[in-house]
């Protein structure tokens, strides 16, 4: 749900409980990049911290899941819940820039992310990791995270790893670029105050 804010910040809190996972996400789109993350999946927490810091989003994620099986349900459901929180915090999207993009390097790796807060879920995922595991984390789960997020934030998202040798570097550039592109897309545009950035009149 969207939470009324006395300081004009766009904030939301979403709780999602299933037989597989229990997820709580709180976010402030007008924050300073602080995060509090307790998911049981350390590598995902490292990536979520990149979104918060580079997106200037205050983000809290608490998750309990069936990690005795694997991390799939937890990672996917965090993406779903984060997408729902973004939708709630953005409201009718009036006055935002809507589009965002970023290129981010890390040493030899380079990723590009382009976002349209279009109201239409579409993920284009051109990501080729140089190995299947980063420590104990299965990189296939990153697509599941972004697919869940896209479906429930109703955004168009293009993710491309343009180059890289180190899979950790590739993943980190992807999440940093996502944070920066999201920061641009949700930013209020003073020339669009109160106006929905679409010829349809709604997003």
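Key figures
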{"read-out": "Selection status of residue 152, part of a helix (DSSP H, G or I), touching a strand residue (DSSP E or B) at 6+ places or on another chain (Cβ under 7 Å), touching a residue at least 24 places away in the same chain (Cβ under 8 Å) and over 20 Å from residue 33 (Cα atoms)", "value": "no"}
{"read-out": "Hey, residue 171 within 14 Å of residue 110 (Cβ to Cβ) and either touching a helix residue (DSSP H, G or I) at 6+ places or on another chain (Cβ under 7 Å) or outside any loop (DSSP other than H, G, I, E, B) (or both) or not", "value": "yes"}
{"read-out": "Criterion: touching a strand residue (DSSP E or B) at 6+ places or on another chain (Cβ under 8 Å), surrounded by 15 or more Cβ atoms within 10 Å (Cβ to Cβ) and farther than 24 Å from residue 167 by Cα - qualifying residue of 109, 85, 94", "value": "85"}
{"read-out": "Number of the exception - residue 164 against (1) modelled with pLDDT under 95; (2) surrounded by 21 or more Cβ atoms within 10 Å (Cβ to Cβ)", "value": "(1)"}
{"read-out": "So residue 32, is it touching a residue at least 12 places away in the same chain (Cβ under 8 Å), more than 13 Å from the chain's Cα centre (by Cα) and part of a helix (DSSP H, G or I)", "value": "no"}
{"read-out": "One residue from 72, 101, 46 being closer than 17 Å to residue 175 by Cα, surrounded by 15 or more Cβ atoms within 10 Å (Cβ to Cβ) and out of contact with any strand residue (DSSP E or B) (no Cβ under 6 Å at 6 or more places or on another chain)", "value": "46"}
{"read-out": "Residues of region 6-29 satisfying the condition of being in a loop (DSSP other than H, G, I, E, B) and either touching a helix residue (DSSP H, G or I) at 6+ places or on another chain (Cβ under 9 Å) or closer than 19 Å to residue 89 by Cα (or both)", "value": "6, 7, 8, 9, 10, 18, 20, 29"}
{"read-out": "Residue match in region 138-158 (condition: within 23 Å of residue 74 (Cα to Cα) and surrounded by fewer than 16 Cβ atoms within 10 Å (Cβ to Cβ))", "value": "yes"}
{"read-out": "Pairs, first modelled with pLDDT under 95 in region 1-19, second exposed (fewer than 13 other Cβ atoms within 10 Å of the Cβ), C-beta under 7 Å, six or more apart", "value": "2/91"}
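The values are calculated or read from the model by the stated rules, or taken from the named source; none is laboratory data. These figures come from a predicted structure and were not determined experimentally. Counting neighbours? That spans all protein chains shown, and the Cβs are built from the backbone with ideal geometry, glycine included.
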